[in-house]
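The values are calculated or read from the model by the stated rules, or taken from the named source; none is laboratory data. Please read all numbers here as calculations on a predicted model, not as lab measurements. Cβ coordinates were reconstructed from backbone atoms using ideal geometry, including for glycine residues, and neighbour counts include every protein chain displayed.
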Amino acid sequence: MAVADDLSALSLCDVADSLKAGALDAVALMEATLARIERLDPELHAFIHCDVDAALEKARGADQARARGDQTGPLHGVPMVHKDMFYRADRVSTCGTRIRRNFKGRETATVLRRLDRAGAIDLGGLAMVEFALGPHGFNGHLPRCRNTWNFERVPCGSSSGSGTAVAGRLVYGALGSDTGGSVRCPAAANGVVGLTPTYGRVSRYGAMPMCWSMDVMGPLTRTVRDCARLLTVIAGADEMDATSSAEPVPDYEQDLERSLAGTRVGVPRGYFDSELEPAVAAVLQESLAVFRALGAEVVPVDMPAILDQVAELHPLIMKAEASANHGVWKRTHADEYSDEVGKRLEAGFFISASDYINALQFRPYALQSFAEAIFTKVDVLHAPVLPMPTPTIEATSYANGPAYLNMVVALTRNTKVVNYLGLPALSVTCGFTPDGMPTSFQLIGRPFAEALLLRLGHQYQGQTDWHTRTPSAIAEP
């Protein structure tokens, strides 16, 4: 394949395939990547730390391995960087907080080891909300991470740096974590792809825990094909993570072109559309025409009332588990938390054990009820990620009191219910609202239906060009 003059315009798969074919050198790619980071990150603030020397050394090693004819992996020489909560032995992982400013993991996270084996080059750590506790992307300990389309809008969180780094073309892919929408929301706000896998599909060993019963780890990329390749690499059982699933891992990329004829795409009536702003609704409606043209059947489907209960129970579990994780530090390092995160954690201390256990016990019933109501009628659900255009920084300001709380609830309204149910969901950009901000649908499927979600998303991108647009805030003059 011909290599573009601007290497940042290439997708992760384009780059990986060019490196494998010898059409591109890993060192040249890394030098271009680091130059772009040096030029743009002082404004974007996506990085917490960037290991320049180590990255260049690994790129030289990648070129030497290819020259020797060594067997190479599907990501050989590809620059990547991840939310600063995936531990690497003897490297600082701050988790976005002063409390862990000098913390070094004793072992390397399973997802990082799998990416290493595939040949990816890890550049460092990305900005995140402190301890992943917040949906807007703001961290009082860090320079404000920017939305790549408008610096006055939020990048969304808590994987804010991952969304910004991928959308800003600083790297070709990044991992984030998603407990209530923190992969899909930054992806939607920045106009990239974000995948929340089925609970247990990807190992969490060696990653900072926020809410053990709902945390999942997933990729953010430019294209759905990129996402498929990354999921194939990182998914699968892990003896170090008892919650990881033994469900076989397919080659997700291999299945992307299979026909969509007869696939039933459900359009929700209720819950997901009840607080949907017209500007977002109009864009989502247009995206359905693409699926019809691809041979899919678009089917209206009524949402079960149980989703309202799920929406109430999700934050109860999240706050209780997060507070349990932080009990000791809240007693010994209370003054080192940002004011916002410190207060959010305190709310969890007032949740009773019986309420928490009841909320956990309700999950299997909720999943069964939802699956019977939805997946007996359709194969996948097509729903908005954010119910409104990406909000401004001012609208999500912590100082705004009740208005702030209402905005936080609205940001995760459509995503958190998916986490409670443990289902997979794929965020794909489908257009722009009148204010110039990207917006996305999420495709929600049965447990372990990632292959179907990726096939739908990939073929949608084959018929549209939203994912190729350059973010306006970083466009060259």
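Residues being closer than 22 Å to Cys227 by Cα, surrounded by 17 or more Cβ atoms within 10 Å (Cβ to Cβ) and not basic (Lys, Arg): count how many of those fall in segment 63-84. Selection size over segment 63-84: 11. With the requirement that a residue be surrounded by fewer than 24 Cβ atoms within 10 Å (Cβ to Cβ), on the phi < 0 side of the Ramachandran plot and not charged (D, E, K, R), what does segment 118-137 give you? Once the filter is applied, which keeps residues that are surrounded by fewer than 24 Cβ atoms within 10 Å (Cβ to Cβ), on the phi < 0 side of the Ramachandran plot and not charged (D, E, K, R), segment 118-137 yields only Ala118. Residues in segment 377-416 that are within 20 Å of the chain's Cα centre (by Cα) and not in a helix (DSSP H, G or I): Val380, Leu381, His382, Ala383, Pro384, Val385, Leu386, Pro387, Met388, Pro389, Thr390, Pro391.
Taking the criterion of being in contact with a Ser or Thr (Cβ under 6 Å, 6 or more places away or on another chain) and not aliphatic (A, V, I, L, M), the residues of segment 106-130 that qualify are Thr110, Gly119, Glu130. The residue that is nearest to Val27 (Cα to Cα), among those in segment 91-112 that are assigned to a helix (DSSP H, G or I) and touching a residue at least 12 places away in the same chain (Cβ under 8 Å), is Leu112.
For segment 435-467, the set of residues classified as in a helix (DSSP H, G or I) and without any contact (Cβ under 8 Å) to a residue 40 or more places away in the chain consists of Gly462 only. Condition check for Gly61 on (1) at pLDDT 95 or above; (2) of a type outside the set (A, V, I, L, M, F, W, C); (3) not in a helix (DSSP H, G or I): one failure, at (3). Please determine, by comparing only the residues of segment 279-335 that are among the polar types (S, T, N, Q) and either touching a residue at least 24 places away in the same chain (Cβ under 8 Å) or not in a helix (DSSP H, G or I) (or both), which one is farthest from Arg413 (Cα to Cα). Among them, the one singled out is Asn325.
Okay, residues lined up against (1) modelled with pLDDT of 95 or more; (2) of a type in the set (Val, Ile, Thr); (3) closer than 14 Å to His382 by Cβ; (4) surrounded by 15 or more Cβ atoms within 10 Å (Cβ to Cβ):
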position: Ala235; (1), (2), (3), (4): yes, no, no, yes
position: Asp238; (1), (2), (3), (4): yes, no, no, yes
position: Asp241; (1), (2), (3), (4): yes, no, no, yes
position: Ala246; (1), (2), (3), (4): yes, no, no, no
position: Glu257; (1), (2), (3), (4): yes, no, no, no
position: Ala279; (1), (2), (3), (4): yes, no, no, yes
position: Leu284; (1), (2), (3), (4): yes, no, yes, yes
position: Leu288; (1), (2), (3), (4): yes, no, yes, yes
position: Arg292; (1), (2), (3), (4): yes, no, yes, no
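Taken over segment 243-269, the residue count meeting the criterion of being among the β-branched types (Val, Ile, Thr) and either closer than 14 Å to Ala449 by Cβ or without any contact (Cβ under 8 Å) to a residue 12 or more places away in the chain (or both) is 3. Taking the criterion of being over 17 Å from Glu450 (Cβ atoms), free of Cβ contacts under 8 Å to residues at least 40 places away in the same chain and either among the hydrophobic types (A, V, I, L, M, F, W, C) or in contact with a Phe, Trp or Tyr (Cβ under 6 Å, 6 or more places away or on another chain) (or both), the only residue of segment 204-242 that qualifies is Ala242.
In segment 417-430 there is at least one residue that is part of a loop (DSSP other than H, G, I, E, B) and among the hydrophobic types (A, V, I, L, M, F, W, C).
Quick grid of which residues meet (1) in a helix (DSSP H, G or I); (2) of a type in the set (Asp, Glu); (3) farther than 14 Å from Ser11 by Cα; (4) touching a helix residue (DSSP H, G or I) at 6+ places or on another chain (Cβ under 7 Å):
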{"site": "Gly157", "(1), (2), (3), (4)": "no, no, yes, yes"}
{"site": "Thr164", "(1), (2), (3), (4)": "yes, no, yes, yes"}
{"site": "Val171", "(1), (2), (3), (4)": "no, no, no, yes"}
{"site": "Leu175", "(1), (2), (3), (4)": "no, no, yes, yes"}
{"site": "Gly180", "(1), (2), (3), (4)": "no, no, yes, yes"}
{"site": "Pro186", "(1), (2), (3), (4)": "yes, no, yes, yes"}
{"site": "Tyr199", "(1), (2), (3), (4)": "no, no, yes, no"}
{"site": "Leu220", "(1), (2), (3), (4)": "no, no, no, yes"}
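Considering only segment 99-117, how many residues are surrounded by 18 or more Cβ atoms within 10 Å (Cβ to Cβ), more than 30 Å from Ala16 (Cβ to Cβ) and of a type in the set (Lys, Arg)? Going through segment 99-117 one residue at a time, the tally reaches 1.
The listed residues are Leu7, Leu75, and the only one of them that is under 14 Å from Ala118 (Cα atoms), in contact (Cβ under 8 Å) with a residue 24 or more places away in the chain and hydrophobic (A, V, I, L, M, F, W, C) turns out to be Leu75.
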